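What follows is a set of notes on a single structure, which appears directly below.
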Amino acid sequence: MAVTRLEIQDALEELGVNPDTTWGQIRASYRQKIRAVHPDVVDSHTATSETARLNSAFEILVKATDSGRIPLPERESMKPVSYALELAVSNADVFHQFVAAAHNLGEVTYISRDDGLVNVLLGQGTEQSAELLIVLEVDAVPVTALFTLESDDQSMAPDISSVVTRFQKSLSIEFGNI
């Protein structure tokens, strides 16, 4: 069973270390924290659950590093990918058209007509989840839309050009060819 980047990040936080920490320092932190919460040492109603959390976190890092023999996987850059698209739309309610088309792509999580913003969660619950932000310049002629795709793991993120192409097709189907 593979260990995910999110599990690794959670394990590092649980042990109070960062990805640059050496294996020896990770083990030392684990041992120190175990000594502070272990039910054989501490009389606390949470000692057992705290010990279990620490053991689980350490086991995740053991799996991810083959017991310290290999370094932790490096986190991919979280730099967003942007894509601009100009569309000439004849209908006066462009914002409504974009929101309706966005619903066809994923879960619309934020809408601001005043700011011209639409936020869409793509691939929710999958490894390829990403967030698409659409910024509309409705006062421009033609209307301009800027698409920004953000993902915790760029290697697993969908290709932004294919997302924008799907959006454009959805926009065309939803409201006739624009």
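The values are calculated or read from the model by the stated rules, or taken from the named source; none is laboratory data. Bear in mind that the values here come from a model prediction, so they are computed numbers and not experimental data. In this analysis, Cβ positions are derived from the backbone assuming ideal geometry, glycine residues included, and neighbour counts consider all displayed protein chains.
So here's what we get for this one:
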{"item": "V3 vs. criteria closer than 26 Å to S129 by Cα and not polar (S, T, N, Q)", "result": "yes"}
{"item": "Residue check, V143 crowded, with 18+ Cβ neighbours inside 10 Å, among the β-branched types (V, I, T) and at pLDDT 80 or above", "result": "no"}
{"item": "Matching residues, the stretch 2-41, being among the aliphatic types (A, V, I, L, M), without any contact (Cβ under 8 Å) to a residue 40 or more places away in the chain and not in a helix (DSSP H, G or I)", "result": "A2, V17, V41"}
{"item": "Yes/no for T48 being assigned to a loop (DSSP other than H, G, I, E, B), β-branched (V, I, T), modelled with pLDDT of 85 or more and not assigned by TED's automatic domain parsing to the domain that holds V138", "result": "no"}
{"item": "All strands (runs of 3 or more DSSP E) inside the stretch 52-125 with 2 or more residues being modelled with pLDDT of 85 or more", "result": "107-112, 117-122"}
{"item": "Selection count where residues are farther than 14 Å from A100 by Cα, surrounded by fewer than 13 Cβ atoms within 10 Å (Cβ to Cβ) and at pLDDT below 70, scope the stretch 148-178", "result": "2"}
